[in-house]
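Chemist: Quick one: the structure is below, questions incoming.
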Amino acid sequence: MNIASPARPEFAYDDPMKILVIEDDREAADYLQKALSEAGHTVHLAGDGDTGYTLADTGNYDVMVVDRMLPRRDGLSVIAGLRSRGNTTPVLILSALGEVDDRVTGLRAGGDDYLTKPYAFSELLARIEVLCRRANSKDAETLYRVGDLELDRLSHTVRRAGREIVLQPREFKLLEYLMRHAAQVVTRTMLLENVWDYHFDPQTNVIDVHVSRLRSKIEKGFDSPILHTVRGAGYMLKAG
Amino acid sequence: MRLPASLKTTAARLSALYLLLFGICAVGLVFYMTALSVRMLTSQTQDTINEEAVGLANAYQRGGLPLLVRTIERRSRQPGANLYLIADPNGRILSGNVESLEPGVLDVEGWTGRPFSYQRYGDSSVERRARAAAEMETPQVESELRHAAIALVLRLPNRMIVLVGRDLGEPERFRVVVRRSLVAALGVMALGGLLIWFFVGRHALRRIDSVSEASRRIMGGDLTGRLPVSGAGDEFDRLSENLNTMLARIADLNEGLKQVSDNIAHDLKTPLTRLRNRAEAALGKRDGADYREALEATIAESDQLIRTFNAILMISRLEAGYSAEQTAKVDLTEVVRGVAELYEPVAEEMGVALVADIPDGIAVDGNRELIAQSVSNVVDNAIKYSAGANAAPKVVVGLERRLGEVELRVTDNGPGIPDAEDRKRATERFVRLEQSRSQPGSGLGLSLAKAVMKFHGGKLELEPREPGLSVVMGFPRKEDAQ
């Protein structure tokens, strides 16, 4: 059994990514490398902004994890530099700063997602997988299909096994997000950010209740579960 | 070179500066006055000489040379400062009261340009010594005096030379007196300056030293100490009073900080201890599933700690006047409806009826994220506490425009907080009233909401209900959403 990545025992990622981690804290970087490698990904490390920039510029990475405070060149400047050279590799910013403003500046500098330290590894993994997939995103698709579950984004209808399911607007958005990231782990925080557009941590697990409501609507009366709970991480929509 | 401390004071520097300035002014003034007076005396002297010359000219016209010589001889015998001389064309002195004079004086007709020296008849060495003895203090001045004079040199038609002059003793003496009094005055001024420096400087020094001394004590840790105020109401008192106000403010902040750190120590130590105990207990277990359970509990506990930390950080930043960069128009209607919708399933699950009565189009200026978070904290609290209601648990969220403000009211029918003091304390950091100790939470929810409201220039108040509690959040009213 794999102890280093306790969050992902049930689902092995079958599409390995090439990841660049720019992080000056040696221990944190080593931990990330180990955990991400065990999840099946290839990881390169850079200990400062300059090295990171050079690696990112030359290597062809699927996704980058960039700490904000780096020696020699700070994370935001690395990202801005890459973006100005036309590099569109998705970037997850890591930061010990955690105010709303910090997040906004990070995203404005060209970051794609923002995670505050200390973070859960499961959260980081889920986010970089989503980021990596965003490159070949399903934005253009109007019909999402997972197993026998269908969601029509134009007519706002949901069917499972041909039977129409009536959802509240928010439930529809929730399912839409889950289906867009089908077969990927989606954390509670990701749902709160993307479905509700809130970036704070509610004291009660409000998301769980919303998900279980949705689950009862799309699973009750059907043969197989489709919305799975990933222990210690979040949820995953997956057929079979 | 190092100056002694007493010379390094401001008072010493000021005294020296004033002394210098006054000295320069006094010297300038005296020189000006002296020059003026001397010029006046000189012109008087010249007038006298002119009059004499006119008198001699009359004598010459009336009686020719003999009368002139007689007149000169007569006048020469009279005491006074006037000088008379008649000489032949070669400059040999024929008559008058001048025994000898500087060579060359008689060569030029008209006024002698500068004072010249001369020797007078009857001005015997005995008399000179006697006068010198009488004026012992200024013997050299006396010797100068003896000779100096100005004169008018005239030539008669027969080329004889007539000199009418006047001794400059008077103006010179005046000049000497003025110079002497100037020196005396400067001396007195220097003495005065020293005295002023001594008294003013020492007085100011003493006041400043007492302020320094008090500050040293306060820096030493005695924050209750205050600077001395003499009661004179002068600059020193005003300075001390202002510094004292500042000290009081610092003491308040310090007290607050101390209280907060005590609370932090308590509220973080407790979960840390739990965390440690749990890890230790897990070590004694054999089974993999037990390990897993223990680790999951550890992670959950850590997450709660992180949450507490984040809340503390956010409150401090808000109270420190958080950069309001992200302030914009916030659709309060949307935010409150969103939060109500977010919590509705939770409320239903807990058997609480969540009723939201939100009118359209109410907007405020602020940070959407912060407002959403504080509304969510308040609603979260209300749902938790109303669950313990005797009657059917119910939470009502209301939003309305009032005079000058927008009021958001979250009312539950739970046990409430009957005691007014407790209601006040409930929004302080880490305060969890006894009856709520059993509820999960960091005790920071309401404090954070209050900090957010203060940051927005609004307020957060608790009002008792029968039964229950209303949390009233007042936003300063801005233009309404379109």
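Chemist: Among the DSSP beta bridges whose two residues both lie in chain A, what percent are antiparallel, rounded to the nearest 5?
Modeler: Of all bridge pairs located within chain A, approximately 50 percent are antiparallel.
Chemist: Still on this structure: Using a Gaussian network model of chain A with C-alpha springs under 10 Å, which one of A:188, A:85, A:145 is most mobile by mean-square fluctuation?
Modeler: Taking springs between Cα atoms under 10 Å, the residue moving most is A:85.
Chemist: Could you calculate the FRET efficiency of residue A:164 with residue B:392 from 1/(1 + (r/R0)^6), where r is the beta carbon distance between them and R0 is 41 Å, rounded to 0.05?
Modeler: After rounding, the FRET efficiency stands at 0.75.
Chemist: Sticking with this structure for a sec: Hey, what did chain A get for relative contact order, percent, Cα under 8 Å, at least 6 apart?
Modeler: Relative contact order of chain A: 14 percent.
Chemist: Let me ask something else about it. Helix-derived [θ] at 222 nm for the protein assembly as shown: sum -39500 (n - 2.57) over DSSP H runs of at least 4, divide by residue count, nearest 500?
Modeler: -16500 deg cm²/dmol
Chemist: Right, here's the next one. Which stretch or stretches of the stretch B:365-390 have amide N atoms under 18 Å from the point lying 7 Å from residue A:197's Cα along the Cα→Cβ direction?
Modeler: Flagged as within label range: B:365-376.
Chemist: Under a crude label model (7 Å from the Cα following the beta-carbon direction), how far is residue B:61 from residue B:78 in nanometres?
Modeler: If labels sit at residue B:61 and residue B:78, their model points lie 2.0 nm apart.
Chemist: Turning to a different aspect of this structure: Taking each pair of distinct Cα atoms in the stretch B:303-384 once, what is the resulting Kirkwood hydrodynamic radius in Å?
Modeler: 14.2
Chemist: With a point put 7 Å past each Cα toward its Cβ, work out how far residue B:102 is from residue B:222 in nm, to one decimal.
Modeler: 7.8
Chemist: Same structure again: How tilted is helix B:202-219 with respect to the longest principal axis of chain B? Cα atoms for both, answer in degrees (0 to 90, nearest 10).
Modeler: On a 0 to 90 degree scale, this one is about 20.
Chemist: How much of the DSSP bridge set in the stretch B:341-430 is antiparallel, in percent, rounded to the nearest 5?
Modeler: Details: 8 of 13 bridges.
The antiparallel fraction comes to roughly 60 percent.
Chemist: Under 17 Å from the 7 Å Cα→Cβ point of residue B:299, by amide nitrogen: which residues of the stretch A:200-240?
Modeler: Zone members listed by number: A:205, A:208, A:228-236.
Chemist: Working from Cα positions, state the angle (0 to 90°, nearest 10) between the long axis of helix B:10-77 and the longest principal axis of chain B.
Modeler: Compared with the principal axis, the helix lies near 20 degrees.
Chemist: Suppose each label sits 7 Å from its Cα in the direction of the beta carbon; what would the residue B:238-residue A:155 distance come out to in nanometres?
Modeler: A separation of 8.2 nm, rounded to one decimal place.
Chemist: Given that compact globular proteins tend to follow 2.2 N^0.38 Å, what is the ratio of the alpha-carbon Rg of chain B to that value?
Modeler: In units of the 2.2 N^0.38 Å rule of thumb, it is 2.25.
Chemist: Report the FRET efficiency, 1/(1 + (r/R0)^6), for residue B:258 and residue B:463, where r is their Cβ-Cβ distance and R0 is 30 Å, rounded to 0.05.
Modeler: The calculated FRET efficiency here is 0.45.
Chemist: Grab the beta carbon distance between residue A:28 and residue B:213, set R0 = 45 Å, and tell me the FRET efficiency rounded to 0.05. Could you put the intermediate results ahead of the total?
Modeler: On the way: r = 51 Å, r/R0 = 1.13.
Given R0 = 45 Å and the Cβ-Cβ separation, E is 0.30.
Chemist: Taking chain B as the reference, fit the longest principal axis to its C-alpha atoms, fit the long axis of helix B:332-349 to the helix C-alpha atoms, and give the angle between the two in degrees, 0 to 90, nearest 10.
Modeler: The helix B:332-349 is inclined about 30 degrees to chain B.
Chemist: At most 15 other Cβ atoms within 10 Å plus a DSSP loop assignment makes a site exposed; report the longest stretch of chain A without any exposed chymotrypsin sites (Phe, Trp or Tyr not before Pro). Present the calculation step by step, with values, prior to reporting the outcome.
Modeler: Numbers: sites that count: A:119, A:222.
Looking at chain A, A:1-118 is the longest stretch - no exposed chymotrypsin sites (Phe, Trp or Tyr not before Pro) with at most 15 other Cβ atoms within 10 Å.
Chemist: Considering only the protein assembly as shown, what is the antiparallel percent among its DSSP beta bridges, to the nearest 5?
Modeler: Working: 65 of 87 bridges.
Within the protein assembly as shown, antiparallel bridges account for around 75 percent of the total.
Chemist: Let me ask you something else. Counting Lys and Arg as +1 and Asp and Glu as -1, each charge on the Cβ, what is the dipole of the protein assembly as shown about the Cα centre in debye, to the nearest 20? Intermediate values should be presented prior to the final figure.
Modeler: Working: 92 positive and 99 negative charges, 625 e Å.
The dipole magnitude comes to about 3000 debye.
Chemist: Quick one: in the protein assembly as shown, what % of C-alpha pairs are over 49 Å apart?
Modeler: Of all Cα-Cα pairs in the protein assembly as shown, 49 percent lie more than 49 Å apart.
Chemist: Moving on to the next point. Could you state the principal axis extents of the C-alpha atoms in the stretch A:135-240, from the largest down, to the nearest angstrom?
Modeler: 38, 31, 24
Chemist: Full extension from residue B:420 to residue B:329: what is 0.36 nm times the residue separation minus their Cα-Cα distance, to one decimal in nm?
Modeler: 29.3 nm
Any read-out appearing in this document is the output of simple, stated calculations on the displayed coordinates, not a laboratory observation. This one's a predicted model, so the numbers in the text were calculated from it and none came from an experiment. For neighbour counting, all protein chains shown are included, and Cβ atoms are generated from backbone atoms with ideal geometry for every residue, glycine included.
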